[in-house]
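Read through the structure below, which is laid out as structure tokens, and then see the notes.
A short reminder: the numbers here are calculations on the coordinates, not readings from a lab. Quantities reported herein were computed from a predicted structural model and do not represent experimental measurements. Here the Cβ is made from the backbone with ideal geometry for all residues, glycine too, and neighbour counts use every protein chain on show.
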Amino acid sequence: MTAPPSEPPESTEQGADWGEDASADSVPVRAAAPVSPLKLYNAEEMRDKVRARLASRLVCLLAATIGLIFVLIGLHGVLDLQVREVKDATLPIFTALITLIGTATGFYFGGRK
């Protein structure tokens, strides 16, 4: 018959697995962590958090895109780009991004009561 896991195995040497003293009385016992009260799931609160996070990240994406456009225009001489090429390349992206952000923020602010 085998010993329960809380007791040291009989065949271990002193200090091998159970520290210096191989008795079960010397095993340190951790105090139980305090239990916090459970908070009920609130779908409306989570929905608002997700909407706010989505709207703020889309606005950050817009700011990064505008910054990239200014960098490309500023470096057009170094990169052998014409301003017209930069405009033609970024206009569809910028237009789609503005539409997406307008829809998302309208949904976010329209859904709030």
Inset, instruction - Could you list all residues from segment 38-68 that are farther than 28 Å from ILE93 by Cβ and touching a residue at least 60 places away in the same chain (Cβ under 8 Å)? - result: ARG47, ASP48
Inset, instruction - Out of the residues in segment 75-113 that are out of contact with any helix residue (DSSP H, G or I) (no Cβ under 9 Å at 6 or more places or on another chain), of a type in the set (Gly, Ala, Ser) and surrounded by 11 or more Cβ atoms within 10 Å (Cβ to Cβ), state the one that is nearest to ARG47 (Cα to Cα). - result: GLY106
Inset, instruction - Looking for whichever is of a type in the set (Ser, Thr, Tyr) and in a loop (DSSP other than H, G, I, E, B) here; the options are TYR108, TYR41. Which one fits? - result: TYR41
